[in-house]
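My questions will all concern the structure given below.
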Amino acid sequence: MDFYVYNTMSRKKEKFVPILEGKVGMYTCGPTVYNFAHIGNLRTYIFEDVLKKSLRYLGYEVKHVMNITDVGHLQSDADEGEDKMELGAKRENKSVWEIAKFYENAFLDDCKKLNVETPTVICRATEHIDDMINLIKKLEEKGYTYISNGNVYYEIDKFEDYNKLANLSMEELEAGNRVEVDENKKNPLDFVLWFTNSKFKNQIMQWDSPWGRGFPGWHLECSAMSMKYLGERIDVHCGGVDHIPVHHTNEIAQSEGAIGHKWVNYWMHGEFLVLDSGKMSKSKGDFLTVNKLEEEGFNPLVYRYFCLQSRYRKQLLFSFDALKDAEIAYKKLKNKVAALAKDAKEDQRLDLEKIKNYKNKFAEKISDDLNMPNAFTVLWEVVKDNELTSREKCHLVESFDTVLSMNLFEPNEEQNLDSNIDSELVDELIKERDMARKNKDWSKADEIRDKLSFMNIEILDSKEGTKWKLK
Ligand code: AMP
Ligand code: ZN
């Protein structure tokens, strides 16, 4: 089946054609490990995880490479502000190395909780300094660099079509980057490849280089490490939309400048998760994390479910109410699957033709630039299809869950499968009771509580909402 993806470079949905038949090389920009990942960041990693698993579902073997930025990322993507790692170290009174290790582990723990699979290769910037130095040397040989005030800059005017990914005029790019005036730069959009002591005297992470002791610019690591592990031609490169005008634009200038030909075939970008109050920001310190969701009583997979109910190229508005709705739907789905699993018997029919049709239908949805809401619709169709045996349904759900990764066969925590509780009805009654309480209709709320009690259900009101368990 043909797989179609929206390519930021062409601004079109394109048929995916891999460089090597049956194989995909995929690079995704990883976290800067100076703080916890917020759930906005994690939305992007969930999108990339689903992309990888969809490609696999369609029969491709995927090599996925992701970097860990543990050095050299300044607060602004355009070479300004303080070093993020140093900021983290100051904040917590630890060494930059300790900060990097701690937050890398925290990030991987979050991914595990969200069923975001570990990439084939995870590469740390600090372990690839030589590769970065070699890349600068190549760029220097080809005349793309200049030295000013001790730092090595990339001269963007030497690279044709610098703005091809963002498709913005130079003025718009400049305005978007909010670059401060830096008299050392020939063009305000030039960026640093190698910083030396002259700029950050107190920088702890430093290495020797042909240009003096110092540290690399942030954009360099992705060019150097992606080519090291995936070669000079890469199928897919992903990240969040914020990376389009600066980071990915600069990555292209570096990589294509050095190799002299097209570097990446498909650029895919995930839109932002937003709050009512606007952008979630680490610098403001008020961001939501997986830990926070857990503290509020949510299984992290509810957040994954929530993300997969919308298209990755659309902004997604987060609220706890919306998350609660996702929780109800997710539990309902798991209850259905649990009942199917209980009912499925070895001797039940397995109609391979029907199974193939549904698998194709699911594949069609994910092949439409990862239309996950429609993929879920196919899943619900399967669950509700009276023509299928429970065994066939389970077989299909299991297959779809290799992409969705929603642990659909794991029972809900509150659920007791041996009981004959209709959990869908319970959820509905609880919703009705919540509404009655909102409307201050206390007698109706009590009436529903009694009804549930009669069904042997105990309800627990908490600030995260109403939960239930068997008495
Ligand atoms: P960072 O650790 O800041 O480099 O970000 C990690 C990833 O999260 C990058 O791919 C960003 O583009 C992405 N990202 C940052 N903020 C958001 C957000 N609010 N929603 C979705 N993705 C985001
Ligand atoms: Zn990157």
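The values are calculated or read from the model by the stated rules, or taken from the named source; none is laboratory data. Quantities reported herein were computed from a predicted structural model and do not represent experimental measurements. With ideal geometry, Cβ positions are generated from the backbone for all residues, glycine too; neighbour counts draw on all protein chains shown. Side chains included, ligands, DNA and RNA excluded: accessible areas come from the protein's heavy atoms. Shrake-Rupley method; radii C 1.70, N 1.55, O 1.52, S 1.80 Å.
Of everything in the range 382-401, what is charged (D, E, K, R) and either surrounded by fewer than 16 Cβ atoms within 10 Å (Cβ to Cβ) or not in a helix (DSSP H, G or I) (or both)? Give them in sequence order. Break it down stepwise before answering.
Filtering the range 382-401 down to residues charged (D, E, K, R) leaves 384-385, 387, 391-393, 398, 401.
Once the filter is applied, which keeps residues that are charged (D, E, K, R) and either surrounded by fewer than 16 Cβ atoms within 10 Å (Cβ to Cβ) or not in a helix (DSSP H, G or I) (or both), the range 382-401 yields 384, 385, 387, 398.
So which residues in the range 249-301 are open to solvent by 40 Å² or more (accessible area, probe 1.4 Å), within 14 Å of ligand 1 (Cβ to nearest atom) and either at pLDDT 95 or above or in the same structural domain as residue 12 (by TED's automatic domain parsing) (or both), if there are any at all?
Listed by number, the residues that qualify are 271, 272.
Another one. I need a count of the residues in the range 68-116 that are in contact with a Ser or Thr (Cβ under 9 Å, 6 or more places away or on another chain), of a type in the set (D, E, K, R) and more than 18 Å from residue 289 (Cα to Cα).
2
Filter the range 207-239 for residues that are assigned to a strand (DSSP E or B) and surrounded by fewer than 22 Cβ atoms within 10 Å (Cβ to Cβ) and give the result. Spell out the reasoning first.
Initial filter on the range 207-239 (assigned to a strand (DSSP E or B)): 207, 214-216, 234-239.
Residue satisfying the conditions is 207 alone.
Could you tell me which residue of the range 153-169 is farthest from residue 193 (Cα to Cα), considering only residues that are in contact with a Pro (Cβ under 9 Å, 6 or more places away or on another chain) and aliphatic (A, V, I, L, M)?
We begin by selecting, within the range 153-169, every residue in contact with a Pro (Cβ under 9 Å, 6 or more places away or on another chain); these are 163, 165-166, 168.
After this cut, where a residue has to be aliphatic (A, V, I, L, M) as well, the list is 165-166, 168.
Values: 165: 20, 166: 21, 168: 23 Å.
That would be 168.
A follow-up question, please. Among the numbered conditions (1) more than 12 Å from ligand 2 (Cβ to nearest atom); (2) farther than 22 Å from residue 73 by Cα, tell me where residue 264 comes up short.
Condition (1) is where residue 264 drops out.
Which of the residues that make up the range 15-51 are open to solvent by less than 50 Å² (accessible area, probe 1.4 Å), in a strand (DSSP E or B) and more than 16 Å from ligand 2 (Cβ to nearest atom)?
Step one: list which residues in the range 15-51 are open to solvent by less than 50 Å² (accessible area, probe 1.4 Å), which gives 16, 18, 22, 24-35, 37-51.
Next, only the ones that are in a strand (DSSP E or B) stay: 24-28, 32.
Selection gives 24 alone.
So is residue 392 more than 28 Å from residue 49 (Cα to Cα) and not polar (S, T, N, Q) or not? Steps first, answer last, please.
Numbers: more than 28 Å from residue 49 (Cα to Cα): no; not polar (S, T, N, Q): yes.
Here the answer is no, as residue 392 does not meet what is asked.
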